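For reference, the structure discussed in these notes is given below.
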Amino acid sequence: MFARLFTGLGTLVLAFFIYLGELVVLAGESFWSALTHRMRWRLFLRQMIDIGLLSQLVVVITGGFTGAVFAAQTYFQFNKLGVASGVGAVVSAALFRELGPVLTGLMVTGRVGAAMSAEIGTMKVTEQIDALRALAVHPVDYLVVPRMLAMMISMPLLVAECIGFGLVAAYFVSVNLLDISGPYYLANMERWTQMRDIIMGLTKGFCFALLIVFISCHKGLTSREGAVGVGQATTEAVVNASLAILILNFFLTMFLNIIFPAGWQ
């Protein structure tokens, strides 16, 4: 019984490290191809539209209502302690450091990551990727690199947009619905929002972009034959990328707080 248990655990651990190694190899090939091959501008611009422009509505709604509800919940608790004026500072720090990048990453994973995995997986099962190789076109250079570059540029901008609309919605709710002084709200928020908060949010967005694109593209490139294989690859891409974002967020939080300690300017 114990031998079977250890064998199962060893198989899972080995499969995890193999999967991690495949992601690292794909990332290395992608960066090397981006540095050594010519830029495919048409594919890049198409991915910029699909990833950045068409994701704005989802990000704006997510950021706006997250900022609004977080401001309301913070006010309801802070008002009991007589420190309702601190709502702006708390909402700003939370949106910049955690809520903005994490929620944007999860929403983009569900919208863009699934589409990447499904598109590439369909090309895999219909042998279009083999056709690219027959035409002397590297699949990583053609499929992964434009998505990687577009995601690296779009994701920090989407995070900033999510945070911006969250702050505006939080201000509107706090001032117009909860009767907090507008000038004092802004002064308090500006006082306690530091440059390190902005850097943390954008850095997390950039790191999450790499996770989403490599996990999604890898699942597409390794999908099994048939519609069931494509569907399973899409589901696994969304689940794995979402879990990876939540796990990496913890380590990034600890690491960035060491690099940018309190009071850093």
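Let me make sure I get this right: for the stretch 52-259, a, b and c are the square roots of the gyration tensor eigenvalues over alpha carbons, sorted descending. Under 1.5 in a/c it's rounded, otherwise prolate if a/b > b/c, else oblate. Which is it? It comes out prolate by the Cα gyration axes.
From the Cα gyration tensor of the stretch 1-89, with a ≥ b ≥ c the square roots of its eigenvalues, which class applies: rounded if a/c is under 1.5, or else prolate if a/b is larger than b/c, or else oblate?
In terms of gyration-tensor shape, oblate.
Anisotropy class assigned to the stretch 109-167 is oblate, per the alpha carbon gyration tensor with a/c at or over the 1.5 cut-off and a/b no larger than b/c. Cut-off 10 angstrom, C-alpha nodes, Gaussian network model of the chain. Which of Leu103, Leu23, Leu202 fluctuates the most? Comparing Leu103, Leu23, Leu202 in the GNM, the peak value goes to Leu23. With r as the distance between the Cβ atoms of Val168 and Lys80 and R0 = 25 Å, compute the FRET efficiency 1/(1 + (r/R0)^6) and round to 0.05. Computed FRET efficiency for Lys80 and Val168 comes out at 0.45.
Might you report the magnitude of the Cβ-based charge dipole of the chain about its Cα centre, with Lys and Arg at +1 and Asp and Glu at -1, to the nearest 20 debye?
On the way: 16 positive and 14 negative charges, 27 e Å.
Computed about the Cα centre, the dipole is about 120 debye.
Between Met39, Met116, Met200, the Gaussian network model of the chain with springs among Cα atoms under 10 angstrom shows the greatest mean-square fluctuation at Met39.
In a DSSP loop and with at most 13 other Cβ atoms within 10 Å, the GluC sites (Glu not before Pro) in the stretch 76-176 are Glu127.
Running a GNM on the chain with Cα contacts under 10 Å, which residue among Ile247, Ile163, Ile120 ends up with the highest mean-square fluctuation? Its mean-square fluctuation being the largest, the pick is Ile247.
Label positions at Arg133 and Thr11, each projected 7 Å from the Cα along the C-beta direction, are separated by 2.8 nm. Placing unit charges on the Cβ atoms only, positive for Lys and Arg and negative for Asp and Glu, gives the stretch 122-234 a dipole magnitude near 240 debye about its Cα centre.
The calculated 222 nm mean residue ellipticity attributable to helices in the chain amounts to -26500 deg cm²/dmol, summing -39500 (n - 2.57) over DSSP H runs of n ≥ 4 and dividing by all residues.
Inter-label distance, Arg40 to Leu246: 3.4 nm, where each label sits 7 Å from its Cα along the C-beta direction.
Summary value for the stretch 52-259: 37 percent relative contact order, contacts being C-alpha pairs under 8 angstrom separated by 6+ residues.
Computed from the coordinates by the stated procedures, all read-outs in this text should not be read as laboratory data. Every value quoted in this text rests on a predicted model; they were computed, and no experiment measured them. Reconstructed Cβ throughout: ideal geometry from the backbone, glycine too, with neighbour counts over all protein chains shown.
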